[in-house]
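Since every read-out is calculated from the coordinates, none of them should be taken as a lab result. Quick caveat, the model's predicted, so the values are computed rather than measured. Backbone-built Cβ (ideal geometry, glycine too); neighbour counts: all protein chains shown.
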């Protein structure tokens with residue numbers, strides 16, 4: 001591993017209580033945060049990644065659509081490889097959960113469970129939580145036979161019995177899209193009354209997609225592979241793969257606390273360069289309006305890192321401070 005450059009050694013400015021002031025802090029150690037750390041590290045920017053260890057990539061035992069892995073790779077292994085790559089370029093890591101953030105005097109002050117942190121530019125890659133279906137015993141099937149993303153996992157369920165868990169327009173649209181992969185598609189509302197409108201009701205009739213409104217009592221599976229769902233009344237519905245449309249929880253509290261704009265669904269609003277409505281604050285990955293996929297999150301992290309690097313360059317250019325030995329006083 002290469003030694004830290006002279007530029008990194010010269011950064012001495014501290015925050016309150018002697019806390020180190022980083023050039024960039026990234027909150028989130030998922031694909032967006034790690035991708036940004038790689039780019040910023042290679043750009044010789046002093047970068048800290050604060051990782052709470054909650055990346056949803058860990059949920060996926062077999063990622064089949066990430067570029068460069070034709071045989072697939074687990075989400076855990078993908079994260080481990082990316083972290084090692086970022087560390088190769090001297091990105092620093094700490095395990096902590098950030099509880100609050102504020103901005104004062106052109107700096108960001110972060111309070112974590114274990115420590116406090118200070119930086120001049122902040123990238124939020126805090127992600128989301130896909131809400132799983134409320135079915136007893138289904139958690140062990142996650143990533144094996146229960147999925148959240150038809151774009152990621154539709155291909156792997158071709159020709160199988162597919163169930164869509166939901167009761168809104170989105171559930172019907174999801175079911176129709178899955179007809180590309182299988183003709184055996186059904187919707188399960190789990191005791192809820194359907195809330196889709198007339199257009200989608202008509203589409204269900206046109207394509208003959210059955211709707212089961214009974215409550216789902218439990219799932220029968222073998223090593224995470226669903227065999228059938230037991231419905232209220234005793235019926236056993238043969239299901240091989242289950243997709244859910246219950247929605248997402250966006251981890252946007254830090255962004256909102258800093259005054260960044262958030263849309264009606266909870267996504268942090270960003271420009272094309274991943275900048276938010278707060279100066280020097282960026283966001284990338286699934287917490288933004290992007291399609292929530294690992295490779296897209298990684299791309300957004302790279303975009304954000306390049307924008308941050310450019311911003312640092314332009315700021316230093318104005319004061320003739322591009323080189324550590326050349327600083328205008």
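In the range 139-244, Cα pairs under 8 Å separated by at least six residues give a relative contact order of 33 percent. Each peptide among 19-27, 248-256 gets the average number of other Cβ atoms lying within 10 Å of its residues, and from highest to lowest they stand as 19-27, 248-256. Take every Cα pair under 8 Å whose residues are at least 6 apart in sequence, average their separation, divide by the length of the range 18-62, and the relative contact order is 45 percent.
State the Cα centre-to-centre distance between the range 97-138 and the range 177-208 in whole Å. Here the answer is 37 Å between Cα centres. Label-to-label distance, residue 158 versus residue 104, with points set 7 angstrom from Cα along the beta-carbon direction: 5.9 nm. Structural descriptor for the chain: relative contact order 19 percent, calculated from alpha carbon pairs under 8 angstrom and at least 6 residues apart.
Of the peptides 156-167, 298-309, 117-128, the ranking by mean beta-carbon count within 10 Å, highest at the top, reads 117-128, 298-309, 156-167. For the pair residue 306 and residue 236, the difference between a 0.36 nm per residue extended length and the Cα-Cα distance amounts to 19.9 nm. Judged by the ratio a/c of the largest to the smallest principal axis of the C-alpha gyration tensor, the range 139-244 counts as oblate, that ratio being 1.5 or greater while a/b is no larger than b/c. Packing around the peptides 29-35, 83-89, taken as the average count of other Cβ atoms within 10 Å per residue, puts them in this order, highest first: 29-35, 83-89.
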